[in-house]
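Okay, so here's the structure we're looking at.
The values are calculated or read from the model by the stated rules, or taken from the named source; none is laboratory data. The shown structure was predicted, so the numbers you read here are calculated from the model rather than taken from an experiment. So basically every Cβ, Gly included, is an ideal-geometry build from the backbone, and we count neighbours across all protein chains shown.
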Amino acid sequence: MDLLAYTIIAGIMYGIFFGLVGLGLNIIFGVMRMINLAHGDFIMLGAFLAFWLFYLFGINPLLVIPIATTVFFLIGFPLYYAFVPRLSKSSDPEMLSFILFFGLSQVIEAVIILAFGNNQRSIPSTVFGTSSFSILGQSFPKAWLATTLVAFAAFIIIYWYFRHTRLGYATRAIMSNREEALISGIDIDRVSAIAFCLGLVFASVAGIFSYFMIGAAYPSMGPDLTTVSFAIIVLGSLGSPLGTVIGGLLYGVAVMFMQTYFSSWANILPYILLIVIMLLKPEGLFGKAARSA
Amino acid sequence: MDLLKVESVEAGYGLIQVLWRTSIIVEENQCVVLLGVNGAGKTTLLRTIIGLVEATKGDIVFDGENITGLKPNVRVSRGIAYMSELAVVPDLTVEENLKLGGYVKNRDDTRRMADKAYEYFPDLKAYRTRKAASLSGGQRKMLGVAKTLMSNPKILVMDEPSSGLSPKFVKKVIEILKLLYEEERPSMLIAEQNVAFLDLAQKIYILDKGKVTFTGSVNALKENDTIRETYFGIMH
């Protein structure tokens, strides 16, 4: 019984974190209708940024969040304007974007290996104190609590952004119907560029806290994380950022159950989920048909 | 004064050319109806005016400025409000659609205009928080009209405001547009295949296979036998 309770509670915390892992990918897909195949690499970049800031200056991962936000906005804008408007003009932007982002993923990985070597890095979870906290009699490291709260806050922020800001409803207008958004006077490129940056920022924040939920970070971790993220957003619903939290929770609880009861199978779970969902309910469990647009 | 001038415009989709040296003029405070059957090129002409379709030849001059190369969102901010056949953004609420209509204006204007829109369309106020997708076809067109008015535009460009509506609602849309025109005198360009809209028109263009085949008033139109047969059938 204790094991079951632990599995469920850990699964929920794990799941909220994985919602954050997928969030950025889903924002970018929702707005640009492109799959950022370098998504996992931006998670890795976030992780490395946090590692070096911690290692060199002892900066707490929580304080890395504003730094990462600034850094990835500065990276995201030029990246968007260098590639995406040109892609959109081609006859098959989706296919080209696959190739482009795949290439970007390879470049990021190679550059990080060149710069820092292909080594594993980690931040000890004791950075949030050595004591643990308990929920329903089950105790967990404090770092889990911090991670879960950060991920939860990310969802609150994105919900608030979408519902209560001018840019937010402009972003939703683009997600709903690009052409109607355009003829309403929205500068699609500017709003998309901001959404792209937000996608990178949320990826990097997931990276900062990845040490406490998935262990060490290493330069080639990106592609696996992209696959997991893709499974999560397909599970929730493609193109609906808030659906990501549902996908994350389902994934998190499923992974915890697998690790607890059938641990040798846990690694192929995302792939199995992906195939099953694609076969049975390609619009996601809670989504409407994402591909109608 | 000429507000919108489309001069010998050619446009189309890839290898398929739709518009052939098409020219129309909308004067200030004038209501122009662009009549044509399905596939005549009405929508393409309107889309070229707002910039969704690129003009391969010719010029579009609006308010004295050549806007041929401008992006759609810039044309909207210059004062062209465009209502597509869809008319609204389906996943946004009624209120958000109105706000979106005023996107190019500042917030205070938007609030004032929204209140005015609710005055014109009291039905919409009751549905403020409902998604536009959940509205009936007629309500959606009403919201579309209200949305285009939100930017306080110099011209309203509407693509088939009657499409998908029952005759009762078509009548209602025409009444609303008439009332609007009498009170505010906006410049309007309405593309339609429904001749009931001719009541609104001060000038009529007939578009056929991408070319303007008739320009003139309602009376001139009714005197033209060929056209009368095509558009009015046996009615006189």
**Item:** Criterion (of a type in the set (Val, Ile, Thr), surrounded by fewer than 19 Cβ atoms within 10 Å (Cβ to Cβ) and closer than 22 Å to A:Ser210 by Cβ) met by exactly one of A:Ile123, A:Ile157
**Value:** A:Ile157
**Request:** Spot the failing condition for A:Ile174; the list is (1) within 17 Å of A:Gly30 (Cβ to Cβ); (2) surrounded by fewer than 18 Cβ atoms within 10 Å (Cβ to Cβ), and only one is missed.
**Result:** (2)
**Prompt:** Within the range A:135-147, can you find the residues that are out of contact with any strand residue (DSSP E or B) (no Cβ under 9 Å at 6 or more places or on another chain) and in a helix (DSSP H, G or I)?
**Reply:** A:Ala143, A:Ala146, A:Thr147
**Item:** the range A:168-190, residues that are under 24 Å from A:Gly236 (Cα atoms) and more than 8 Å from every other protein chain (Cβ to nearest Cβ)
**Value:** A:Gly168, A:Thr171, A:Ile174, A:Arg178
**Prompt:** Take the residues of the range A:132-156 that are among the small types (Gly, Ala, Ser) and closer than 29 Å to A:Val201 by Cα: which is farthest from the chain's Cα centre (by Cα)?
**Reply:** A:Ser132
**Request:** Considering each of B:Ser136, B:Ser163, B:Ser187 in turn, give the residue that is surrounded by fewer than 23 Cβ atoms within 10 Å (Cβ to Cβ) and over 30 Å from B:Val74 (Cβ atoms).
**Result:** B:Ser136
**Prompt:** Of the residues B:Val53, B:Val76, which single one is facing chain A (nearest Cβ under 8 Å), under 25 Å from A:Val31 (Cα atoms) and either surrounded by fewer than 17 Cβ atoms within 10 Å (Cβ to Cβ) or touching a Phe, Trp or Tyr at 6+ places or on another chain (Cβ under 9 Å) (or both)?
**Reply:** B:Val76
**All positions within the range B:81-97 that are more than 17 Å from the chain's Cα centre (by Cα), hydrophobic (A, V, I, L, M, F, W, C) and more than 7 Å from chain A (Cβ to nearest Cβ)** = B:Val94
**Prompt:** Mind checking whether some residue in the range B:142-159 is outside any helix (DSSP H, G or I), more than 15 Å from B:Pro90 (Cα to Cα) and more than 13 Å from chain A (Cβ to nearest Cβ)?
**Reply:** yes
**Message:** Are there helices (runs of 4 or more DSSP H) fully within the range B:68-128 with at least 2 residues that are at pLDDT 90 or above? List them.
**Reply:** B:72-78, B:94-101
**Prompt:** Got a number for residues in the range A:90-117 being among the charged types (D, E, K, R) and closer than 14 Å to A:Asn36 by Cβ?
**Reply:** 1
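Looking at the range A:22-43, which of its residues are part of a helix (DSSP H, G or I) and more than 11 Å from the chain's Cα centre (by Cα)?
Of everything in the range A:22-43, those that are part of a helix (DSSP H, G or I) and more than 11 Å from the chain's Cα centre (by Cα) turn out to be A:Phe29, A:Gly30, A:Val31, A:Met32.
How many residues are in contact with a helix residue (DSSP H, G or I) (Cβ under 8 Å, 6 or more places away or on another chain) and surrounded by fewer than 12 Cβ atoms within 10 Å (Cβ to Cβ) if we restrict to the range A:131-154?
3
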**Message:** Take residues that are closer than 18 Å to B:Thr148 by Cα and tell me which of the helices (runs of 4 or more DSSP H) falling wholly in the range B:167-236 contain 2 or more.
**Reply:** B:167-184
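Under the condition of being hydroxyl-bearing (Ser, Thr, Tyr) and within 18 Å of B:Thr43 (Cα to Cα), which residue from the range B:176-214 is farthest from the chain's Cα centre (by Cα)?
The extreme case among them is B:Thr213.
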